[in-house]
Amino acid sequence: MSDALLRPEVVREISGADEFGIVEKELTIFERLYNLGWVRKTGLLIVLALVWEGYARHLDNPLLVPTLTDTFQAWREGMESYVLPERIFTSLQVLAIGYTTGVVLAGILTVLAITTRIGTDFLETMTAMLNPLPAIALLPLALIWFGFGIGSLVFVLVHSVLWAVALNTHAGFRGVSNTLRMVGRNYGLSGLRLVLKILVPAAFPSILSGLKIGWAFAWRTLIAAELVFGVASGKGGLGWYIFESKNQLDIPEVFAGLLTIIMIGLLVENVIFRTIENRTVRRWGMQT
Amino acid sequence: MLDKTEPPPLLDVRGVTLRYKTRDHLVTATYRVDFSIRQSDRFIVLGPSGCGKSTLLKAVGGYMAPTEGEIMLKGTRITRPGPDRMMVFQEFDQLLPWKTVRQNVVFALETSGKLRGRAAGERAMEYIDKVHLTRFADAYPHTLSGGMKQRVAIARGMAMEPDILLMDEPFAALDALTRRRMQDELLGLWEETRFTVLFVTHSIPEAVKIGNRILLMTPHPGQVKAELNSVDASAHPAEVAMLEQRIHDMLFVDRVEEDEHV
């Protein structure tokens, strides 16, 4: 080494903890509370509720904007008279039938799509064509084909669920690493057993997000369809409840109906799907 | 030297040519490769990138069929993947992420029909103990380090007690220190159970350290250059260095300039 690059070595004593001011100190209670997402959001909701209540009282026109208290009152009355629960039950029943049928069909289509090449082509063509078509646009046709009954609703629901779920599931299957497939085949798995035991769990993050998108489409489509189409065999759903209340100029009830739709939507997304997510893909470290 | 009194080979690879198609090309990965592996061999296939060693391993695994020649395991022709030849891959994602360490091993045993229920659980724990992961038996793979994941994959392969364990550069993606420890552990496991292993690598020191028999392959297409005996673990470092140098010269004699960096 040349002398120009030679310099003395440095070794230092590390200073003790007492020489620093703060190493670690707890934040104040307010700071810690403010760091919690749900606290901030609850705060926002309270502010919005106050604004609503204030504006509605100022306007003093229940036909345009009922007060928040009136809305809750209408909601409570609806629940207590069993009108609202009945409507909710009708909606959810139709939804369950349509959603399940759609998911099962999507499963069959994707299994066909990964096992045969023509199946892939079929799925890709159909999703490309039908995915952009809003399900509600099919309602007039459905009414002609299936009449005023659950059949029409189920038909549009299946359409809204099927393509979203199939598209995601198929993408998920294709994204499964070749190594995992080889591991599965190494155990002697093939065909449907390979799909069920390796591909489905490996693609579960995509499948789950497909199911979530499908649910969101289905829920919106169902309410819209009920609004347009009204009552099926004497029993209407939530959409019908809103429509009916509007016709009777019972605006607090309209708001109560909207509130119920929001609550059910939140419940399914944040409780049901969140629980599934926490128990599966998050626990497995397949999604952060 | 093959002698008439010696036992028949466990795995016999005869004149195997492997070709596969890419989007635009038909690639010949190996050309008329011959070798045979006996019980308890630590057989290494060593060669630079592009010598078809991984493809060869896939063919032994049954994932692709030779265009020429045949691969026999215990006298039966290999036609498809099966639990009698367990693969250990290089990739860390070879464990099923939705199963814990123990479940990964149990799943292999149960799905292939080797063992069921309690027997499978006991066998799984026995091999998880062997790779020193007892404390992590109920952990999910994403919480493990790369080296631990590879240990699980090895435990899974060994728990199946296959005729032959196929390892495709299992330590290549590990850091140098972990790799050395894993090599020692693998040799330790071999001392205990004397399993047969076919190990693919591009590292000469790894080949010399792990193998008892080394097959050298040259690239484009992969052909057998030599089949050598390795040295004992107790061998003098100078002996090891000499063998490494000899292998290096054989593999790179004509191609020093283009392949030195591999």
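The values are calculated or read from the model by the stated rules, or taken from the named source; none is laboratory data. Nothing here was measured: the structure is a model prediction, and the numbers come from that model. For neighbour counting, all protein chains shown are included, and Cβ atoms are generated from backbone atoms with ideal geometry for every residue, glycine included.
Points to keep in mind about this one:
- Index of the failed condition, A:L238 passing every other in (1) away from chain B (no Cβ under 14 Å); (2) over 30 Å from A:F146 (Cα atoms): (2)
- Exactly one residue out of A:T275, A:T179, A:T221 is assigned to a helix (DSSP H, G or I) and out of contact with any helix residue (DSSP H, G or I) (no Cβ under 6 Å at 6 or more places or on another chain): that is A:T275.
- Residue that is nearest to A:P252 (Cα to Cα), among those in segment A:57-92 that are assigned to a helix (DSSP H, G or I) and among the hydroxyl-bearing types (S, T, Y): A:T71
- Residues that are within 18 Å of the chain's Cα centre (by Cα) and not in a loop (DSSP other than H, G, I, E, B) within segment B:65-80 comprise B:I71, B:M72, B:L73, listed in sequence order.
- For segment B:43-58, a residue qualifies if it is surrounded by fewer than 24 Cβ atoms within 10 Å (Cβ to Cβ) and more than 14 Å from B:I204 (Cα to Cα), and the qualifying residues are B:G50, B:S54, B:T55, B:L57, B:K58.
- The listed residue being farther than 21 Å from B:L216 by Cβ and either more than 18 Å from the chain's Cα centre (by Cα) or not hydrophobic (A, V, I, L, M, F, W, C) (or both), out of B:R32, B:R42, B:R14, B:R19: B:R19
- Within segment B:204-239, tally of residues that are out of contact with any Ser or Thr (no Cβ under 9 Å at 6 or more places or on another chain) and in a helix (DSSP H, G or I): 6
- If you go through segment A:182-223 and pick out every residue that is small (G, A, S) and either outside the structural domain of A:L95 (by TED's automatic domain parsing) or modelled with pLDDT under 90 (or both), you end up with 3.
- For first residues located in segment A:120-137 and in the same structural domain as A:I223 (by TED's automatic domain parsing), partners that are assigned to a loop (DSSP other than H, G, I, E, B) and β-branched (V, I, T) and lie 6+ apart or on another chain with Cβ distances below 9 Å form the pairs A:F122/A:T116.
- Restricting segment B:81-100 to residues that are aliphatic (A, V, I, L, M) and either in a loop (DSSP other than H, G, I, E, B) or within 7 Å of chain A (Cβ to nearest Cβ) (or both), the residue that is nearest to the chain's Cα centre (by Cα): B:M87
- Filter result (surrounded by 16 or more Cβ atoms within 10 Å (Cβ to Cβ) and β-branched (V, I, T)) within segment A:60-82: A:V65, A:T67, A:T71
- Residues being surrounded by fewer than 20 Cβ atoms within 10 Å (Cβ to Cβ) and either farther than 20 Å from B:S112 by Cβ or more than 7 Å from chain B (Cβ to nearest Cβ) (or both) - total across segment A:178-193: 6
- Given (1) hydrophobic (A, V, I, L, M, F, W, C); (2) away from chain B (no Cβ under 14 Å); (3) touching a Leu at 6+ places or on another chain (Cβ under 7 Å), number of the condition A:V161 does not satisfy: (3)
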